[in-house]
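Here's the structure we're looking at; comments come further down.
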Amino acid sequence: MAVWALLPALVGLLWVGVLLAFAAPLAARWREPVLKHPVLIIESDDWGAGAVAQATALRRLAALLQGVRDAQGRSAVMTLGVVLEVPDGARIAASGCADYHALPLADARFDGVRQAMLEGMQAGVFAPQLHGQCHYWPAAVMAAAQTDGAVRSWLAAAEPAATEDLPSHLQSRWVDAASLPSRALPAAAVQAAVADEALAYRAVFGEAPQVAVATTFVWDDAVEAAWRAAGVEVIITPGRRATCRDATGKPACVDAAMLSGERSGAGQIYLVRDVYFEPALGHAAQRLAQGLRQRTRQGRACLVETHRFNFLRAAEASFAALDTALHQALQACPDLRFMTPLQLAHALGARDPGWVETRVLPRLRAWCARLDEIPRFRRIAQLSGLALPLRLLGRPA
């Protein structure tokens, strides 16, 4: 009888022990802001210098986005991760691949691409963000070209190059991946490169970049500090930071994890982009709505990653999938709101009461919905029985 009387106390102690063991990630998810409304942002990378066919794709995207409106009458928004140069293949070939030459987005050959971007911005459906001066570190690609014929041919191509055709590890701008594992770049070189690309960005868009997303999500503290000096206020992340490419070429050396609303060491606000929608890779339209529903339960914005190759290499299927996905999202969450990453970051940073929940019960439900993502917590919560009360707490009212 005494044992049975002690059992509730023992179970309670066990649960307290589990909560203490995971105190840091649990507390971080409690501090993370909870949104009052579903939010959807389509994040699309790699636009800018490159194929002139982008102009047609961008205008078609702008028309599609303007035809989809949220509960407040706001058009759907797509960010454009902008790349500001590609190799000038003719000049590089003329040098025998000895010297790197750039073909910038400001070149007259890209007038149509730039104009399409600016028209979409004026219509309120495009939000540009800095992806990089180029989608590679030029010296690393030049070094790789000395031993890799495919890279050499890519550099010397007569038409503007598609960076998607580079080996994946060479698409990382903020490491030297000429050989693997990659090596860190000197901080001074990073600072100078970011300053140059900020000037190039301003020349095209008339203002300093305020949002940045690292190519292939490989970057470090030196990049964040340089971005801050250039005016960047918001960093788009996948929820963790890789700082190198390992011996197999994969992003590695993860040194930080982050949640939306947290700040970098340099002071920028992090946003997490972790729903992936690439129709050209077979992703169905419902994938977007599923991601939106899950993020909404978690009190988070749904930032959806997609890339320009979908709308250039599998255009018809990708446009159809995006249109269907956006309408399914509105059906799944009728109170859906469209906004830009900068607007979202400002709302989170200021804990804007129009956007950020302050009531305890909605915050508690969102917090419970976030717990399964903590490594090993779900399994231990199930084994200890803690999962049951958490499930009851997280149940909608």
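Some notes on this structure:
- If the condition is being out of contact with any Phe, Trp or Tyr (no Cβ under 7 Å at 6 or more places or on another chain), open to solvent by less than 10 Å² (accessible area, probe 1.4 Å) and either aliphatic (A, V, I, L, M) or at pLDDT below 95 (or both), then the stretch 84-102 contributes VAL86, CYS97.
- For the stretch 237-249, the set of residues classified as assigned to a strand (DSSP E or B) and either open to solvent by 30 Å² or more (accessible area, probe 1.4 Å) or free of Cβ contacts under 8 Å to residues at least 24 places away in the same chain (or both) consists of ARG240 only.
- Single residue of SER260, SER318 found to be in contact with a helix residue (DSSP H, G or I) (Cβ under 7 Å, 6 or more places away or on another chain), open to solvent by less than 20 Å² (accessible area, probe 1.4 Å) and among the hydroxyl-bearing types (Ser, Thr, Tyr): SER318
- Every residue from the stretch 36-54 that is over 19 Å from the mean Cα position of the chain (by Cα) and open to solvent by 10 Å² or more (accessible area, probe 1.4 Å): LYS36, HIS37, ALA51, VAL52, ALA53
- The requirement of being under 16 Å from SER44 (Cβ atoms), open to solvent by less than 10 Å² (accessible area, probe 1.4 Å) and of a type outside the set (Ser, Thr, Tyr) is satisfied by PRO341.
- For first residues located in the stretch 28-45 and farther than 18 Å from HIS327 by Cβ, partners that are among the basic types (Lys, Arg) and open to solvent by less than 40 Å² (accessible area, probe 1.4 Å) and lie 6+ apart or on another chain with Cβ distances below 6 Å form the pairs ARG29/ARG370; HIS37/ARG337; GLU43/ARG273.
- Breaking point among (1) in a helix (DSSP H, G or I); (2) open to solvent by less than 20 Å² (accessible area, probe 1.4 Å); (3) closer than 21 Å to GLU43 by Cβ, for ASP323: (2)
- Residue count, the stretch 150-203 (criterion: at pLDDT 95 or above, of a type in the set (S, T, N, Q) and open to solvent by less than 70 Å² (accessible area, probe 1.4 Å)): 5
- Of the helices (runs of 4 or more DSSP H) lying entirely inside the stretch 9-128, those containing at least 2 residues that are closer than 30 Å to TRP367 by Cβ and not aliphatic (A, V, I, L, M) span 23-31.
- In the stretch 297-312, residue farthest from VAL356 (Cα to Cα) [restricted to those that are open to solvent by 30 Å² or more (accessible area, probe 1.4 Å) and among the hydrophobic types (A, V, I, L, M, F, W, C)]: LEU312
- Consider the stretch 375-397 and keep the residues that are under 23 Å from VAL360 (Cβ atoms) and open to solvent by 90 Å² or more (accessible area, probe 1.4 Å). The one that is modelled with the highest pLDDT is ARG391.
- Some residue of the stretch 250-260 being touching a residue at least 40 places away in the same chain (Cβ under 8 Å), touching a Lys or Arg at 6+ places or on another chain (Cβ under 7 Å), hydroxyl-bearing (Ser, Thr, Tyr) and not in a strand (DSSP E or B): yes
- Every pair of residues 6+ apart whose Cβ atoms lie under 7 Å, when the first sits in the stretch 360-376 and is within 16 Å of HIS37 (Cα to Cα) while the second is among the charged types (D, E, K, R): ARG363/GLU357; TRP367/ARG29; ALA369/ARG297
- All positions within the stretch 329-338 that are part of a loop (DSSP other than H, G, I, E, B) and crowded, with 18+ Cβ neighbours inside 10 Å: CYS333, LEU336
- The requirement of being crowded, with 16+ Cβ neighbours inside 10 Å and part of a helix (DSSP H, G or I) is fulfilled somewhere in the stretch 273-285, by at least one residue.
- Members of the stretch 350-364 found to be part of a helix (DSSP H, G or I) and charged (D, E, K, R), listed by number: ARG363
- Qualifying residue in the stretch 214-236 (condition: open to solvent by 60 Å² or more (accessible area, probe 1.4 Å), assigned to a strand (DSSP E or B) and not small (Gly, Ala, Ser)): no
- Residues of the stretch 344-360 satisfying the condition of being charged (D, E, K, R) and crowded, with 16+ Cβ neighbours inside 10 Å: GLU357
- When ALA161, ALA189 are checked against the criterion of being more than 27 Å from ARG114 (Cα to Cα), out of contact with any Gly (no Cβ under 6 Å at 6 or more places or on another chain) and either in a strand (DSSP E or B) or hydrophobic (A, V, I, L, M, F, W, C) (or both), a single residue qualifies: ALA189.
The values are calculated or read from the model by the stated rules, or taken from the named source; none is laboratory data. Here the structure is a predicted model, which means the values were calculated and not measured. In this analysis, Cβ positions are derived from the backbone assuming ideal geometry, glycine residues included, and neighbour counts consider all displayed protein chains. Surface areas here come from the heavy atoms of the whole protein model, side chains and all, with no ligands, DNA or RNA. Shrake-Rupley method; radii C 1.70, N 1.55, O 1.52, S 1.80 Å.
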